[in-house]
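The values are calculated or read from the model by the stated rules, or taken from the named source; none is laboratory data. Everything quoted here is computed from the prediction, not taken from an experiment. Because the Cβ atoms are built from the backbone with ideal geometry, glycine has one as well, and the counts that use them run over all protein chains shown.
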Number of protein chains: 4
Amino acid sequence: MRALTYQGPRQVAYEQVPDPVPDHVDGAVVRITACGICGSDLHIYEGHGFSPDLGYCIGHEAVGEVVEVGSGVRNFSVGDRVLVSASTGCGSCGPCRRGWVLGCERGLSGCYGLSHALEGSQAEAVGVPFADGNLARIPASISDDAALVLTDNAPTAWFGARQARIRIGDVVAVVGCGPVGLMAIAAAQIMGASKVFAIDLVEERRQLAATLGAEPIGDDPVRQVRELTSGRGVDAVIEAVGADATITLALSIAAVAGRVSVIGVSHNQAFPFKLMTAQTKCLEFTAGLCSVQQELPTLLRLTEAGRLHPEQVVTHHLPLSEGAAAYELFHSRADGVGKVVLDPTR
Amino acid sequence: MRALTYQGPRQVAYEQVPDPVPDHVDGAVVRITACGICGSDLHIYEGHGFSPDLGYCIGHEAVGEVVEVGSGVRNFSVGDRVLVSASTGCGSCGPCRRGWVLGCERGLSGCYGLSHALEGSQAEAVGVPFADGNLARIPASISDDAALVLTDNAPTAWFGARQARIRIGDVVAVVGCGPVGLMAIAAAQIMGASKVFAIDLVEERRQLAATLGAEPIGDDPVRQVRELTSGRGVDAVIEAVGADATITLALSIAAVAGRVSVIGVSHNQAFPFKLMTAQTKCLEFTAGLCSVQQELPTLLRLTEAGRLHPEQVVTHHLPLSEGAAAYELFHSRADGVGKVVLDPTR
Amino acid sequence: MRALTYQGPRQVAYEQVPDPVPDHVDGAVVRITACGICGSDLHIYEGHGFSPDLGYCIGHEAVGEVVEVGSGVRNFSVGDRVLVSASTGCGSCGPCRRGWVLGCERGLSGCYGLSHALEGSQAEAVGVPFADGNLARIPASISDDAALVLTDNAPTAWFGARQARIRIGDVVAVVGCGPVGLMAIAAAQIMGASKVFAIDLVEERRQLAATLGAEPIGDDPVRQVRELTSGRGVDAVIEAVGADATITLALSIAAVAGRVSVIGVSHNQAFPFKLMTAQTKCLEFTAGLCSVQQELPTLLRLTEAGRLHPEQVVTHHLPLSEGAAAYELFHSRADGVGKVVLDPTR
Amino acid sequence: MRALTYQGPRQVAYEQVPDPVPDHVDGAVVRITACGICGSDLHIYEGHGFSPDLGYCIGHEAVGEVVEVGSGVRNFSVGDRVLVSASTGCGSCGPCRRGWVLGCERGLSGCYGLSHALEGSQAEAVGVPFADGNLARIPASISDDAALVLTDNAPTAWFGARQARIRIGDVVAVVGCGPVGLMAIAAAQIMGASKVFAIDLVEERRQLAATLGAEPIGDDPVRQVRELTSGRGVDAVIEAVGADATITLALSIAAVAGRVSVIGVSHNQAFPFKLMTAQTKCLEFTAGLCSVQQELPTLLRLTEAGRLHPEQVVTHHLPLSEGAAAYELFHSRADGVGKVVLDPTR
């Protein structure tokens, strides 16, 4: 089949690779109808990946149709329209059965497209291990675009909002308005926020956020938040960037007893944390990685009922064959680019 | 009246000071029958206080009898046996009415004995502002020693345990087994912990902790916790020291999805936080200061019913006149010293 | 002053009554700018009141301006624009301070306009006992109509929705679409319901509900709910009528593990409860009365931020002098009558 | 193999029956080392069973060793020491994977020993369908007696206590002190109750309850609870009988804002519920059936750590061959009989 592979920094190839096969009796193969580029794919693109491998298929967001299942798969059949959860686990242990694959007791917590160990899904097809735990059926009323956002971006945002323990009536800030940040805005609203401030340096992203009902903030966010909250600060912050400066900003704008939830990925092992300030303000600070499976039941229900519109963050569609250009576009943050969806069938 | 006053680093005087008077119509005066030395008093004792003042009364833990009330006080009368909450607020605003004085909307959140602004309670009597909000009646079955621990140490520990979101069955670690840490052990047990590890370098403190039912850990806590939890770590940590090393330890021994609650006081504004590790482990980290009023209803009920025994942390009783020696003793951490109670009536 | 008084079944008089005076040092007097007729006033109107008194002022929903305060009132001054909480308490005990006046430890939990004991507020002015606990300041951006609905109907609906423990993504049904039911629809939406079914026999009320975003159901609600939920039933029901038939309906349409929250007032002491069915379905059933004070902080925040629009349930405005006609109108349920607001200033 | 079979009212036979075989590829067979008689078995014994079948194996509490597994079973192997959850489900659907078998989306929620459809476990061996979902491994430190109580009685009690939403410091009452009630006492204590009243008419059962730390109440429980709570009533009640009188008692002794959780099985479809009283008191009333799988992780952890001692409710051991006598004994409630354990290996 054809797939995008990682060939080194800023080098993504569209090439022929071996067809996937089911992983033991538990596995399945999904023919992909839409796949996405995630912000974390850009880390790999920039050469800061998680493996020294070259030539592996990249990508971990995919929706499509089951074309092959192992004999041990109970919940899925050939022909099922499914989304592939970005996060994977053994599917059988206690935590995995509850959807919390990050706590997989067999140590099989993982993700597609980070190395040859689990080939990625920016491809015509993908092999899914432990299909019962790692696939989800897509209701007919949910589009491919919406389902694609539900494979990773929306669940990550939702997880971040849950970790921020948003209470009804809270004033919330979201730092960073890429696809994940936009979904975090929607999450905060559904969880009952009275107001959501959307902080981003890019004008087009702020406009998108405003379309979703958030109040956009560009320059001098510390001062603006102070003014807009009568000096009080916000009850909860969802940080969707991962840089030291934005995390520090998040801590600064939190009110007394505020919660700061970091879902932007950080590699800092000595982040300078203002502990005295945090203690005086009684802050709760969380950082984490999402178990997609844990969030999906609620997100599918909300999307099917029309309360959540994950497709709103999609801005561009390209054929998979133009993957290299798609990466360049998403990396540029130009043209108001949000979610870029690749189509392997064109 | 006679009181202990701060005269400079390691200098505490027992001397004559003006008698307190009720603060406006809302205030009261309490004749003190027992007062305590708190770990945070040692900061002042060591010369790291919160004010340049000299000669002010120190101390913020006291129980006694109401001897005077302003005309606006509704909930207390002369003769009531009361404990004086270490934390103070206006008592009237929304947060104060709910007991959360740290969120006082009038900016009147404070503490006794930090400066001349609000004289301390290591004295024969203390003036209590906004008595309706800042006093609590002591049920007859609760001793002075128990009530004294309920003015600050036990509520702080309880707050820390609540912030650690202890769930039933959790394995919990308490770092630092002074009076607050010992109360945190009791809190974790009442909240349903299946096991509590008590980490301290001082042998006598570990023994006290073991008496309360905790499993003591001295040397190499990281390794020991790892072994005792099959490599998993603990679900929740309550840090009751405030040093960089102990906070780092707390973060190290937390399991995936663990919670770390810091109640030890830190002054570090650049604590080197291992953010990448925290994110991979999906940690929740909180630091805070207790609003005593918020915790008291539950603590009084548990103490009255005999489920909590705050007096267990009291190890020494001295007359108030021997205050200087009492400070020296508590500062030394020698002789298995826990809570030191001063008696102004002897 | 002029006021509406109860003179016997279906007899409401507009007449001269004594001016109110502050109740002790804690009380206040509020000059009323708008007052409402509540569904529970109809019980009195129909002759099923709570007292044998005649000639007392009726009504318990009012907004206006403070014109007199006792010397012990701290939180309010003459000139403040306020709403008068329908529920009252001593304002000083622990439960009252937290807003839960129903749990008033002094036994002073009550309501206006049920007898001469506490004169009602369908009047030019009302005396408010314990003003610190029983009044709330109205932000400038909130209209009198909105504030009036916040004195009772919206808090009751909110309380009912909280008791129904609505979880994000839940399918919810509201039984009865008068002003309280309409507010319950809004509550369920803000709490994250994916769908809300609005069940009422009156076509105009269903239309109003649909305007708020609910899915209206008229005939054969058991069958319709079954069909619309693939046989599963709804996760939560808020019952806002109080009749045996509607409560039985609520229990019937609840799914396995569903919650049924009754806020419609019932006088039945032998309601025939299908216990075996409830147990097989693992139902949670709650019935209760609202402490307005407990709900107000969140409701004021949501209204001020524009997420809640309590004024949406107001359909008619009349001068107070036309009170008799207003009662007749509201009692008729004709003309799509929702909330009827009376103006004592015209 | 040999097993106890139901032959009609008060007729239990010990006889030869066919050996069980694994149910499809998902099933397992467990050789039983201990099995128990449950209160609900007495319904069958008295002729009020759930099926017209005769000759089926009865019983649904068993521990033992896996002797055969289907090829699709992932989590268990021959030789594993296991407990058989009394409740069963498909093990694969969303609710079942989370342990909530009562919500099984495939409609396979069930129980052993109610008819020939799923043969019971008062036998030398039992066939377990969907073994991955319906078995649990027993840690070495947990005895057969303890594990047996964990198959049904303890989880039911725990579920009941969870439904009663016990908060730390609550005063709790348990109505009925058979094995389930005794476990409910332990649950309430671990969940932080400050006091637990144990209400039962049988003196020996009250004594057992007192041994666990509860305060026993025999005669006139309404008056006694009133006196012991200063007229307030209890915060939460767990009803473990299921009779109209005991459920009415439970509702009577609940305080304002109290919770009443019924786990005793009722067949009444017109229970006379005092709705007006319940509403005035703002009660929460729940009735339900336990999904054992949902409670087990916490219960196993607590038992392994020595905080819960399920074996405390076991009072009698008999060989399986004396099953008829064992039923008679348990039915009599004589001799302080609590849990009766049968041994198929003697």
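Summary of computed values
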item: Residue count, the range C:23-62 (criterion: surrounded by fewer than 20 Cβ atoms within 10 Å (Cβ to Cβ) and of a type outside the set (Ser, Thr, Tyr)); result: 14
item: Pair list, Cβ < 8 Å and 6+ apart or interchain, from the range C:170-190 residues that are closer than 11 Å to C:GLY264 by Cα to residues that are of a type in the set (S, T, N, Q); result: C:VAL175/C:THR246; C:GLY176/C:THR246; C:VAL180/C:ASN153; C:VAL180/C:THR156
item: Any pair with Cβ under 8 angstrom, 6 or more apart, that starts in the range B:272-292 at a residue that is under 20 Å from A:CYS282 (Cβ atoms) and ends at one that is basic (Lys, Arg) and in a loop (DSSP other than H, G, I, E, B); result: B:GLU284/B:ARG165
item: Failed criterion for A:THR151 (all others in (1) within 13 Å of another protein chain (Cβ to nearest Cβ); (2) hydroxyl-bearing (Ser, Thr, Tyr); (3) under 30 Å from A:ARG81 (Cα atoms) hold); result: (1)
item: Failed item in (1) over 22 Å from C:HIS317 (Cβ atoms); (2) touching an Asp or Glu at 6+ places or on another chain (Cβ under 7 Å), with C:GLY59 passing the rest; result: (1)
item: Residue match in the range D:19-40 (condition: over 22 Å from D:VAL241 (Cα atoms), in a strand (DSSP E or B), polar (S, T, N, Q) and more than 20 Å from the chain's Cα centre (by Cα)); result: no
item: One residue from A:GLY70, A:GLY55 being in contact (Cβ under 8 Å) with a residue 60 or more places away in the chain and within 30 Å of D:ARG74 (Cβ to Cβ); result: A:GLY70
item: Matching residues in the range A:309-346 - criterion: being aliphatic (A, V, I, L, M) and not in a helix (DSSP H, G or I); result: A:VAL314, A:LEU318, A:ALA334, A:VAL337, A:VAL340, A:VAL341, A:LEU342
item: Of all residues in the range D:252-264 being buried (at least 21 other Cβ atoms within 10 Å of the Cβ) and outside any loop (DSSP other than H, G, I, E, B), the one that is farthest from the other protein chains (Cβ to nearest Cβ); result: D:ILE253
item: Qualifying residue in the range B:290-310 (condition: within 24 Å of B:GLY49 (Cβ to Cβ), among the small types (Gly, Ala, Ser) and surrounded by fewer than 16 Cβ atoms within 10 Å (Cβ to Cβ)); result: no
item: Residues of the range A:155-178 classified as of a type in the set (A, V, I, L, M), under 26 Å from A:GLN293 (Cβ atoms) and either out of contact with any Ser or Thr (no Cβ under 8 Å at 6 or more places or on another chain) or at pLDDT below 95 (or both), total; result: 4
item: Some residue of the range B:180-189 being within 13 Å of another protein chain (Cβ to nearest Cβ), surrounded by fewer than 24 Cβ atoms within 10 Å (Cβ to Cβ) and farther than 20 Å from B:VAL82 by Cβ; result: yes
item: Count - residues of the range D:265-313 that are of a type outside the set (Ser, Thr, Tyr) and either under 17 Å from the mean Cα position of the chain (by Cα) or more than 7 Å from chain C (Cβ to nearest Cβ) (or both); result: 26
item: Every residue from the range B:45-96 that is more than 30 Å from B:GLY288 (Cα to Cα) and more than 14 Å from every other protein chain (Cβ to nearest Cβ); result: B:GLU65, B:VAL66, B:VAL67, B:GLU68, B:VAL78, B:GLY79, B:ASP80
item: Selection status of C:GLY99, within 23 Å of C:ALA305 (Cα to Cα), out of contact with any strand residue (DSSP E or B) (no Cβ under 6 Å at 6 or more places or on another chain), within 14 Å of chain B (Cβ to nearest Cβ) and of a type outside the set (A, V, I, L, M, F, W, C); result: yes
item: A:ASP219, sole failed condition from (1) more than 11 Å from chain B (Cβ to nearest Cβ); (2) over 29 Å from A:LEU150 (Cβ atoms); (3) not in a loop (DSSP other than H, G, I, E, B); result: (3)
item: Qualifying position, being of a type in the set (D, E, K, R), farther than 30 Å from D:CYS104 by Cβ, touching a Lys or Arg at 6+ places or on another chain (Cβ under 8 Å) and surrounded by 22 or more Cβ atoms within 10 Å (Cβ to Cβ), among C:ASP200, C:ASP152; result: C:ASP200
item: The lone exception for A:ASP343 - which of (1) touching a strand residue (DSSP E or B) at 6+ places or on another chain (Cβ under 6 Å); (2) buried (at least 18 other Cβ atoms within 10 Å of the Cβ) it fails; result: (2)
item: Hits in the range A:162-188 (condition: in contact with a strand residue (DSSP E or B) (Cβ under 6 Å, 6 or more places away or on another chain), aliphatic (A, V, I, L, M) and within 25 Å of B:ARG259 (Cα to Cα)); result: A:ALA164, A:ILE166, A:VAL171, A:VAL172, A:ALA173, A:VAL174, A:VAL175, A:ALA184, A:ALA188
item: The range A:266-277, residues that are touching a Phe, Trp or Tyr at 6+ places or on another chain (Cβ under 7 Å) and in a helix (DSSP H, G or I); result: A:LEU275
item: The range D:7-18 residues that are within 20 Å of D:GLY47 (Cα to Cα), paired with ones that are part of a strand (DSSP E or B) and among the aromatic types (Phe, Trp, Tyr) (beta carbon under 8 Å, 6 or more apart); result: D:VAL12/D:TYR6
item: Boolean, D:ARG162 is of a type in the set (D, E, K, R) and either away from every other protein chain (no Cβ under 11 Å) or in a loop (DSSP other than H, G, I, E, B) (or both); result: no
item: Among (1) closer than 23 Å to A:GLY133 by Cα; (2) modelled with pLDDT of 95 or more - the single one A:ASP23 does not satisfy; result: (2)
item: Any hit, the range C:198-216, residues being within 23 Å of D:THR286 (Cα to Cα) and touching a residue at least 12 places away in the same chain (Cβ under 8 Å); result: no
item: Residue in the range A:88-101 that is nearest to the chain's Cα centre (by Cα), counting only those that are within 15 Å of A:GLY27 (Cα to Cα) and among the small types (Gly, Ala, Ser); result: A:GLY89
item: Breaking point among (1) touching a Lys or Arg at 6+ places or on another chain (Cβ under 6 Å); (2) free of Cβ contacts under 8 Å to residues at least 24 places away in the same chain, for D:GLY110; result: (1)
item: Count - residues of the range A:189-237 that are over 19 Å from A:GLY338 (Cβ atoms) and basic (Lys, Arg); result: 4
item: Some residue of the range D:317-336 being out of contact with any helix residue (DSSP H, G or I) (no Cβ under 6 Å at 6 or more places or on another chain), over 21 Å from D:ALA125 (Cβ atoms) and among the acidic types (Asp, Glu); result: yes
item: Matching residues in the range D:227-247 - criterion: being in a helix (DSSP H, G or I), more than 9 Å from chain C (Cβ to nearest Cβ) and either surrounded by fewer than 16 Cβ atoms within 10 Å (Cβ to Cβ) or aromatic (Phe, Trp, Tyr) (or both); result: D:GLU227, D:ALA245
